[in-house]
Amino acid sequence: FDVGSRSPDERQYSAYAGRVAAEGIGALPAVFADYQRSATNWLYPAPTRVATVLIFALPMSITGERTPDSAALVSLGASILSLGLVAWMGARFFNIWTSVLAAWFMACSFGELGMARRAWSDAPAGFFGLLVVYLACEIAARAESPRARIWFAAFLTAGFAAMLVKDATVVGYGVCGLLLALYALWDRKWRECGL
């Protein structure tokens, strides 16, 4: 809460989320219509990052506060979840020292610390992107498991959520999907390759 001023993007996304928090999810069509109606709005981000608007609206609905500070709580939460996921991935796929060092580096990252203070979609997108990588690693590690389809479903869901938070996450999602397809192709698992 020590950010001196908020960027136009933060104010715009907070305004979208504030309207959804006040009027409910049914306000989304009106938000889109209002954006489209005025050419001056086109200088600012469009409300197409629907998941960002909805998750920013969540703390606004709970606290009743419709400010960028309230939306920034989502970024803080996403950053904390990302830190936990990095630590878990380090321990799960490497060793405890990798886990500690990866978490330390992330906790000291200027970029991450900056995004955690802002009402931008970057911290939530970072969390969902990291979640996609984690799920891809789990799929590769558990390829023989009878529950592999559950991991695939989680991977698809996280990937779609990531793209609704920030469209640029399609790159990481696509790379992970391609690597999983190549991994399945290498093992001649045609059904998994198709998935």
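The values are calculated or read from the model by the stated rules, or taken from the named source; none is laboratory data. Source: prediction; values computed, not measured. Glycine gets a Cβ as well: all are built from the backbone with ideal geometry, and neighbour counts include every protein chain shown. When the accessible area is computed, the model is the full protein with side chains, heavy atoms only, and any ligands, DNA or RNA have been set aside. Shrake-Rupley method; radii C 1.70, N 1.55, O 1.52, S 1.80 Å.
Tabulated data
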quantity	calculated
Estimated FRET transfer efficiency (V50, R142; beta-carbon r; R0 35 Å; 0.05)	0.65
Neighbour cut-off at most 11 other Cβ (10 Å), DSSP loop, trypsin sites (Lys or Arg not before Pro), segment 111-187	R147
Exposure rank, largest accessible area first [T169, T52; 1.4 Å]	T169, T52
Distance between modelled label sites at D2 and A154, nm, 7 Å Cα→Cβ extension	3.7 nm
Efficiency of FRET from Cβ geometry, D167 and D187, R₀ 41 Å, rounded to 0.05	0.80
